[in-house]
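Inspection log for the structure reproduced underneath, given as structure tokens.
The values are calculated or read from the model by the stated rules, or taken from the named source; none is laboratory data. These numbers were taken from a predicted model, which means no experiment stands behind them. As a convention, Cβ positions derive from the backbone with ideal geometry for all residues, glycine included, and neighbour counts pool all protein chains shown. To get the accessible areas, we keep the full protein, side chains included, count just its heavy atoms, and leave off ligands, DNA and RNA. Shrake-Rupley method; radii C 1.70, N 1.55, O 1.52, S 1.80 Å.
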Amino acid sequence: MNSVNDVLQVSGGVTISSGGEIVNSGRIDVAKSWDDSAASGAFTPIGGTVRFGGAGTVKQRSVATRNNFFNFEVTAGARSIAATDANADGTLDINGNVTITGGTFAPGTFTHTVAGNWDDSAATGAFAPAAGTINFDGAGTIKQRSAVTRNSFFGMTISAGARSIAATDANSDGTLDINGGVLINGTGSFAPPP
């Protein structure tokens, strides 16, 4: 088992092989791809952030045994989600926040779950869904850029917690764009901006 309590910078990719384990409460900076799709490898976030700073894919195991992220951040390059034999659905489960400050996050056609805040309000980041859904399963805010350059959601579900739209300096109108559908179910609630 390897523990990350501070900052670990990886100039290449991260692969967690069968039997390998990483416990993260700090920050892991990854320049290329992330692969924890091996059947018995383990990524255990007890906090902390995985920051993607270059082009690459994210591969994880199937839903039943998936290793979750706590905080997920894209700072540069293009980040896409890969469906693999080990992870036929290609979904991410993020138990903290999603932050896009640079580069592009292309979520594919999958449904990704986010428990914390969503922030793609930075002028240089891009959230580029051509399909798929973001499922918010916890309380938090959604921050996006201003209307001229806003990144839109394709589909959005609020399955638990209270979700609100934050008006920020970068997004002074506090508007949310969704190109697909919105479903609010379970104990979820949505508070539009005043």
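What the table below lists for this structure:
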{"read-out": "Test result for R51, modelled with pLDDT under 80, in a strand (DSSP E or B) and within 20 Å of K143 (Cα to Cα)", "value": "no"}
{"read-out": "Within the range 96-105, tally of residues that are over 10 Å from the mean Cα position of the chain (by Cα) and not in a loop (DSSP other than H, G, I, E, B)", "value": "1"}
{"read-out": "Considering residues of the range 134-143 that are of a type outside the set (A, V, I, L, M) and touching a Phe, Trp or Tyr at 6+ places or on another chain (Cβ under 8 Å) only, the residue modelled with the highest pLDDT", "value": "F136"}
{"read-out": "Residue match in the range 161-172 (condition: touching a Gly at 6+ places or on another chain (Cβ under 7 Å), buried (at least 19 other Cβ atoms within 10 Å of the Cβ) and modelled with pLDDT of 80 or more)", "value": "no"}
{"read-out": "Only listed residue being surrounded by fewer than 21 Cβ atoms within 10 Å (Cβ to Cβ), modelled with pLDDT of 80 or more, touching a strand residue (DSSP E or B) at 6+ places or on another chain (Cβ under 8 Å) and β-branched (V, I, T), chosen from T109, T99, T57, T104", "value": "T104"}
{"read-out": "Residue list for the range 30-42, restricted to those being part of a strand (DSSP E or B), surrounded by fewer than 18 Cβ atoms within 10 Å (Cβ to Cβ) and of a type in the set (D, E, K, R)", "value": "none"}
{"read-out": "Residues within the range 63-88 that are modelled with pLDDT under 70, part of a loop (DSSP other than H, G, I, E, B) and open to solvent by 50 Å² or more (accessible area, probe 1.4 Å), tallied", "value": "3"}
